[in-house]
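The values are calculated or read from the model by the stated rules, or taken from the named source; none is laboratory data. As the structure is a prediction and not an experimental result, all values here were calculated from the model. Please note: Cβ atoms are built from the backbone with ideal geometry, for glycine as well, and neighbour counts cover all protein chains shown. Ligands, DNA and RNA are excluded from the accessible area calculation, which covers all protein heavy atoms including side chains. Shrake-Rupley method; radii C 1.70, N 1.55, O 1.52, S 1.80 Å.
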Amino acid sequence: MPVRLPQVTDYDHGISAIDADYFRTGLAAIHLIVEAGKAALVDTGTSSSVAGLMKILHQKNIAPADVAYVFLTHIHLDHAGGAGEFMHRFPNAKLVVHPRGARHMADPARLVASAMEVYGEAEFKRVYGVIRPVEANRIVEAPDGFSLDFNGRPLLFLDTPGHARHHYCIFDKQSQSFFTGDTFGISYREFDVDGMEFVFPTTTPVQFDPIAAHASLDRLMTYNPSYAFLTHYGRIGHLPRHAAEMHDLIDAHVSIARKLRDAPNRHSALVEELGELLLQRVIAHGCKLPGEEIRSLLNLDVGLNAQGLEYWLDHAGGSS
């Protein structure tokens with residue numbers, strides 16, 4: 001049976017991971033930071049995440065008026081789809097977003113249109129609901145090196161492209177940790193073995209850049225972080241080991257993509273090889289789940305990674 005994670009996982013330094021209720025439990029987290037009675041969210045899930053998160057805030061005696069910030073690591077809709085609805089619920093909050101993403105939060109029409117092209121209108125509405133715009137005067141742009149005092153708690157924002165060009169990571173000095181969105185990859189708790197996590201990259205459409213992805217990882221590690229808080233999913237440690245494995249797996253993804261550049265049925269071939277790569281790595285990691293269950297947990301990401309690699313091959317060249 002799959003592991004069913006609790007709706008909320010509390011860590012030290014006032015940080016919690018709250019399940020975003022996205023497809024399945026343990027797939028996407030909204031991170032809550034509480035500092036001296038004020039709260040901030042890192043990423044928002046989708047509109048279907050709102051009810052669960054509001055319930056957790058109520059349980060923690062956090063009033064909507066005490067949410068000071070909503071931070072979006074990037075504007076992919078599993079991270080930012082609920083931002084407009086949350087901003088409507090939090091009257092005093094500011095939305096902090098990468099400069100490349102700010103206009104899409106104020107006017108999400110292009111974001112919605114491109115997502116509907118991928119999913120179809122009916123499926124988009126089922127998964128993401130309504131994407132509400134955010135008033136421009138409540139949006140704060142966070143360029144590289146932007147710093148913010150969150151109720152006495154310093155936060156530093158670093159531009160970290162690779163997964164997306166509109167991506168930042170947040171360094172929290174108090175916990176000596178980063179909130180990494182998708183820059184430090186994906187790590188599902190079902191794959192943990194004796195406290196050691198398994199981490200793999202996300203190369204999803206449409207801005208995957210392997211050179212930038214390597215550079216962003218290296219930049220994060222210069223801060224000697226103790227932990228990374230991943231949107232998919234929660235807190236991981238052992239970061240030097242995982243950074244090395246991420247570098248290796250980024251290169252492996254690129255190698256597979258280049259090999260299959262001109263393959264017939266390229267997408268299916270990519271899905272097959274990427275799925276086999278990750279399956280074998282999870283097994284080598286020591287995971288004892290049945291192969292079918294491992295594949296099931298990886299299926300969504302393998303399909304998206306294949307799409308991202310195809311887009312990279314066709315638009316960025318993939319030849320360097």
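General observations
- Scanning the range 151-165 for residues that are outside any strand (DSSP E or B) and open to solvent by 20 Å² or more (accessible area, probe 1.4 Å) gives Asn151, Gly152, Pro161, Arg165.
- Test: residue in the range 210-222 that is out of contact with any Lys or Arg (no Cβ under 8 Å at 6 or more places or on another chain), at pLDDT 95 or above and assigned to a loop (DSSP other than H, G, I, E, B): yes
- Count of the range 279-320 residues, restricted to those that are assigned to a helix (DSSP H, G or I), open to solvent by 50 Å² or more (accessible area, probe 1.4 Å) and either in contact (Cβ under 8 Å) with a residue 60 or more places away in the chain or within 20 Å of Phe198 (Cβ to Cβ) (or both), is 13.
- When each of Asp262, Asp248 is tested for being loosely packed, with under 14 Cβ neighbours inside 10 Å and outside any helix (DSSP H, G or I), the lone residue that passes is Asp262.
- Members of the range 73-93 that are polar (S, T, N, Q) and crowded, with 24+ Cβ neighbours inside 10 Å: Thr73
- Filter result for Pro143 (within 22 Å of Ala213 (Cα to Cα), open to solvent by 40 Å² or more (accessible area, probe 1.4 Å) and out of contact with any helix residue (DSSP H, G or I) (no Cβ under 8 Å at 6 or more places or on another chain)): yes
- Pick from the range 177-221, criterion hydroxyl-bearing (Ser, Thr, Tyr) and touching a strand residue (DSSP E or B) at 6+ places or on another chain (Cβ under 8 Å), ranking: surrounded by the most Cβ atoms within 10 Å (Cβ to Cβ): Thr183
- Residue pairs meeting the criteria (Cβ under 8 Å; at least 6 apart or on separate chains; first among the polar types (S, T, N, Q), in the range 125-139; second in a loop (DSSP other than H, G, I, E, B)): none
- Of all residues in the range 187-205 being touching a residue at least 40 places away in the same chain (Cβ under 8 Å) and charged (D, E, K, R), the one that is farthest from Leu148 (Cα to Cα): Asp194
- Of the residues making up the range 124-138, those that are open to solvent by less than 30 Å² (accessible area, probe 1.4 Å) and out of contact with any His (no Cβ under 9 Å at 6 or more places or on another chain) are Phe124, Val127, Tyr128, Gly129, Ile131.
- Pairs linking a residue in the range 33-46 that is at positive phi to a residue that is open to solvent by 10 Å² or more (accessible area, probe 1.4 Å) and at pLDDT below 95, with Cβ atoms under 9 Å and 6 or more positions apart or on different chains, are Asp43/Asp78; Gly45/Asp21; Gly45/Tyr22; Gly45/Asp78.
Conditions tested, residue by residue: (1) under 30 Å from Gln7 (Cβ atoms); (2) surrounded by fewer than 24 Cβ atoms within 10 Å (Cβ to Cβ).
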position: Cys169; (1), (2): yes, no
position: Ser175; (1), (2): yes, yes
position: Ala228; (1), (2): yes, no
position: Val254; (1), (2): no, yes
position: His267; (1), (2): no, yes
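- Candidates Phe179, Phe184 - the one that is touching a residue at least 40 places away in the same chain (Cβ under 8 Å), closer than 19 Å to Leu297 by Cα and not in a helix (DSSP H, G or I): Phe184
- Test: residue in the range 94-101 that is open to solvent by 30 Å² or more (accessible area, probe 1.4 Å) and of a type in the set (A, V, I, L, M): no
- Screening the candidates Leu111, Leu148 for the property of being open to solvent by less than 40 Å² (accessible area, probe 1.4 Å), touching a His at 6+ places or on another chain (Cβ under 6 Å) and not basic (Lys, Arg) yields one hit, Leu111.
- Scoring Tyr119 on the criteria (1) touching a residue at least 40 places away in the same chain (Cβ under 8 Å); (2) open to solvent by 10 Å² or more (accessible area, probe 1.4 Å); (3) under 20 Å from the mean Cα position of the chain (by Cα) leaves a single failure, condition (1).
Let's see how each residue does on (1) within 23 Å of Leu72 (Cα to Cα); (2) free of Cβ contacts under 8 Å to residues at least 60 places away in the same chain; (3) within 20 Å of the chain's Cα centre (by Cα):
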{"residue": "Thr222", "(1), (2), (3)": "yes, yes, no"}
{"residue": "Leu239", "(1), (2), (3)": "yes, yes, yes"}
{"residue": "Ala252", "(1), (2), (3)": "no, yes, no"}
{"residue": "Leu260", "(1), (2), (3)": "no, yes, no"}
